[in-house]
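Enquirer: Can you keep this structure in mind? I'll have questions shortly.
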Amino acid sequence: MNPAERRGVAASEGTAMGVVFPFFPEPLPTAREAIAPAQIEAEIARFHAALDATAANLVASRDKPGLRPADREIIDALLEVARDPEFVGGAEERIRGGVSAVTGAIESGNALAAQFEALDDPYLKARAEDVHGITRNVAATLLGRREISLADVPPRAILVAEEISAWDFAKAPIKSIAGILCTKGAATSHVAIMARAHGIPAVLGYHHAAAADLKAAKMVAIDGATGEVFLDPDPATAERIADRIAAERKVNEALAAYRDVKPVTRDGREIEVAANLGSLSEIDGALAAGAMGVGLFRTELLFMERKTTPSEDEQTVIYTELARAFAHRPVIVRTLDIGGDKPVAGVEFPHEDNPFLGWRGVRMCLDRPDIFKPQLKALLRAAVVGNVKVMVPMVATVDEVEAVKALVAECRAELSAAGIAFGEFELGIMVETPAAVFAADALAKVVSFFSIGTNDLTQYVMAVDRLNPRVASLNRTEQPAVMAAIAQVCRAAREAGIWVGMCGEAAARPDLIPRFVEMGITELSMSPASIARAKKTVLEI
Ligand code: PEP
Ligand code: MG
């Protein structure tokens, strides 16, 4: 086999090799287990004991110190299911009808999950996952099985799974994980973003091996930059990979010297090298990596990880903590950029044939002031710290910017009337639609800055789905059409006297940074792991 032909999606840079930690939860038994009438009371008692044990485990993990509020909320939702009268009563009724505790629990859980799955609201639909999770736990306890948990990943292991949910990942000892290999997912999956944030090499969407082969593998090596995967590599391959890992380590050690330097080109242009973050837990890593600020704080995770929309007060606490952590250095928070592919509590997304061309980002936010205004108010309140900037995703027209400004003015007036303190933030936009490129002259007159989102801009300019590996060769920012679009945006910004940054993945590419700087980009924002290398690249321009 030529491994190059059997690549997965390169999701988080770096090479890793280690023992496999297979994370393939066992399917539940499907056969019905009948019991004699004399066993009924004992089986009901067994069911309750298993339920209590599951709840006690959940309470123990919820009360662990250092747990993030979002994770605590997920656990609370699971506890709710464990106490749901329909689930508990349904299981008891089935056991009284003559089936074992395991069968009763599984059937009751499946029936309740099916009710959730039948609902239109995608958020309630997602509750079915919680029901399945509790059912699995209770059934496993009754069967005397221990559910595999990412909490048990041994040091330096490679996590191999079909997919890993945010909830599973939250339980994993992040520092133990040497790499991640999943059969599903793509570069913008939640697990990919988390892996990049923590500097863990990852290959996703690797569908070339059967689950049985992945489970049977003892060792695996992955290259998260190329998507290469080597199951049980032969000694020569293992040696080659070990050399690659050693070389990468050397490069990273050498790069550490650049972490705290001020990136200035030889002709004296200062470039701001900032971090892309998705949660507060990534702040320490970004500061340690030498981030000069935050160029993109994605707020989607705050909404997606939760069972309810975060309130204005909760968001204020989060944005304020972020701003304080980077005191005096700019922190750019992006307003909610969510589409029909990701459910969020309280937003019912219609079915769309082309969600990437649909109701997302600023389009959805402007239609839903009940969701958008609390975020804008929270950002105004966090702006008292002084370094908060706000940018709006998916902008295509000047009208959208004017509508956002009108809402911000409304929010200001309402905060004033309520006697709540707030500050001012600069308002910028992401340039990631071709429409924004062609309207850049007009847009530059109504905003304070541009940040080019090359991930989406490349997909829309080239008309390639950014998640489709088949057309990956066209999905490249260095394509002349995309580079011409970037140059045009920079020219419009220069003429209007505003600054331009870049926060798509291309901002971290050493081969392209010199060209971006030449065009007039003054800020580059990226995964913390790429910051030192970008600073070195700038110094050499
Ligand atoms: C982009 O489109 O380049 C970007 C940074 O935003 P996202 O990847 O979150 O769509
Ligand atoms: Mg985008």
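The values are calculated or read from the model by the stated rules, or taken from the named source; none is laboratory data. Everything numeric in this text was worked out from a predicted model, so none of it was measured. Positions of Cβ are generated from backbone atoms using ideal geometry, with glycine treated the same way; all protein chains shown enter the neighbour counts.
Enquirer: If the requirement is being more than 16 Å from ligand 1 (Cβ to nearest atom) and closer than 22 Å to residue 319 by Cβ, which of these qualifies: 449, 425, 438? Show your work before the answer.
Expert: Details: 449 fails: more than 16 Å from ligand 1 (Cβ to nearest atom); 438 fails: closer than 22 Å to residue 319 by Cβ.
From the options 449, 425, 438, the qualifying one is 425.
Enquirer: Of all the residues that make up segment 361-375, how many are closer than 13 Å to residue 400 by Cα and within 20 Å of the chain's Cα centre (by Cα)?
Expert: Keep residues of segment 361-375 that are closer than 13 Å to residue 400 by Cα, which gives 361-367.
After this cut, where a residue has to be within 20 Å of the chain's Cα centre (by Cα) as well, the list is 361-362, 364-365.
Looking only at that region, the number is 4.
Enquirer: May I ask you to verify whether residue 421 is assigned to a helix (DSSP H, G or I) and either surrounded by fewer than 16 Cβ atoms within 10 Å (Cβ to Cβ) or outside the structural domain of residue 507 (by TED's automatic domain parsing) (or both)?
Expert: no
Enquirer: With the condition kept exactly as written, say whether any residue in segment 276-286 is surrounded by 16 or more Cβ atoms within 10 Å (Cβ to Cβ), of a type in the set (A, V, I, L, M, F, W, C), at pLDDT 95 or above and over 13 Å from the mean Cα position of the chain (by Cα).
Expert: no
Enquirer: Could you please find all residues in segment 448-459 being more than 9 Å from ligand 2 (Cβ to nearest atom) and either under 10 Å from residue 475 (Cβ atoms) or free of Cβ contacts under 8 Å to residues at least 40 places away in the same chain (or both)?
Expert: Correct list: 458 only.
Enquirer: Could we say that residue 386 is more than 16 Å from ligand 2 (Cβ to nearest atom) and more than 17 Å from residue 296 (Cβ to Cβ) here?
Expert: The answer is yes for residue 386.
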